[in-house]
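Accompanying notes for the structure given below.
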Amino acid sequence: MLTAGVDEVGRGSLAGDVFAAAVILDPKKVIHGLKDSKKLSERHRAELDQEIKNSALSFAIAKASVKEIDSINILQASLLAMARAVHNLNVGPSLVLVDGNHLPAWDYSSKSIIKGDTKIPEIAAASIIAKVSRDAEMVQMDPIYPEYGFFRNKGYPTKLHLEALNKFGPCAIHRRSFAPISELLR
């Protein structure tokens, strides 16, 4: 039975796309140290990211854009990114385990698992590669929008990010439907 783990990254960010990943691990290639991506150092995440990509039977990374987030809301955009990731796997899973308490609308046999990234290796692996990909995209946005500190905050509402929003207003990759951005636009 091929089990895919799925997780998303970036729901709480004020800027940038929401990413999701789906991973089917190879049972013959055990990866040590898999856990929730937020509990790993950036360096360790990067190492595991490469190991997962090199040894998984299949993996896929997908996203939903800022425009989609603002149009359909962050939950629906997260589910859309998850569905895209699973659909992009080059091997069809017989079971999909999704982190959280919501499932995308799809025909896969699936189960949502609260805190799945701490319990299920496939979900932890998905969490790691989604976070590494999203963080890399936000680092690429830093020189384009240097005043917001995306290199450091990855779009999350840190004190310096909020101060920059108040000073400069939102940029093109800020989520207009999210407070405090929506409040600044009133």
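The values are calculated or read from the model by the stated rules, or taken from the named source; none is laboratory data. These numbers were taken from a predicted model, which means no experiment stands behind them. So basically every Cβ, Gly included, is an ideal-geometry build from the backbone, and we count neighbours across all protein chains shown.
Pick from the range 97-118 the residues that are within 16 Å of residue 130 (Cα to Cα) and hydrophobic (A, V, I, L, M, F, W, C): which of them is farthest from the chain's Cα centre (by Cα)? Residue satisfying both the conditions and the ranking: 97. Is it the case, given these coordinates, that residue 20 is among the aliphatic types (A, V, I, L, M) and in contact with a Gly (Cβ under 7 Å, 6 or more places away or on another chain)? Against the criterion (among the aliphatic types (A, V, I, L, M) and in contact with a Gly (Cβ under 7 Å, 6 or more places away or on another chain)), residue 20 does not qualify.
Does residue 109 satisfy the criteria of being of a type in the set (S, T, N, Q), closer than 21 Å to residue 69 by Cα and assigned by TED's automatic domain parsing to the domain that holds residue 29? Spelling it out, it is not the case that residue 109 is of a type in the set (S, T, N, Q), closer than 21 Å to residue 69 by Cα and assigned by TED's automatic domain parsing to the domain that holds residue 29. Of the candidates 9, 66, 30, 18, the single residue that is more than 27 Å from residue 165 (Cβ to Cβ), of a type in the set (Val, Ile, Thr) and not assigned by TED's automatic domain parsing to the domain that holds residue 173 is 30.
Please name all residue pairs, on different chains or six or more residues apart, with Cβ atoms under 6 Å, provided the first residue is in the range 135-146 and is in contact (Cβ under 8 Å) with a residue 60 or more places away in the chain and the second residue is assigned to a helix (DSSP H, G or I) and surrounded by 13 or more Cβ atoms within 10 Å (Cβ to Cβ). Listed pairs, sorted by first residue: 138/150; 141/150. Residues in the range 52-78 that are part of a helix (DSSP H, G or I), surrounded by fewer than 17 Cβ atoms within 10 Å (Cβ to Cβ) and not hydroxyl-bearing (Ser, Thr, Tyr): 53, 54, 67, 72, 75, 76. State yes or no: is residue 98 surrounded by fewer than 24 Cβ atoms within 10 Å (Cβ to Cβ), in the same structural domain as residue 29 (by TED's automatic domain parsing) and under 30 Å from residue 179 (Cα atoms)? Here the answer is no, as residue 98 does not meet what is asked. Taking every residue in the range 79-107 that is at pLDDT 95 or above and pairing it with any residue that is among the acidic types (Asp, Glu) and surrounded by fewer than 22 Cβ atoms within 10 Å (Cβ to Cβ), at least 6 positions away or on another chain, the pairs with Cβ-Cβ distances below 7 Å are 80/68. Within the range 94-103, track down each residue that is closer than 21 Å to residue 25 by Cα and not β-branched (Val, Ile, Thr). Of everything in the range 94-103, those that are closer than 21 Å to residue 25 by Cα and not β-branched (Val, Ile, Thr) turn out to be 94, 95, 97, 99, 100, 103. Scanning for something crowded, with 17+ Cβ neighbours inside 10 Å, modelled with pLDDT of 95 or more and over 17 Å from residue 21 (Cα atoms), does the range 122-136 turn up at least one residue? So far as the range 122-136 goes, no, none of its residues is crowded, with 17+ Cβ neighbours inside 10 Å, modelled with pLDDT of 95 or more and over 17 Å from residue 21 (Cα atoms).
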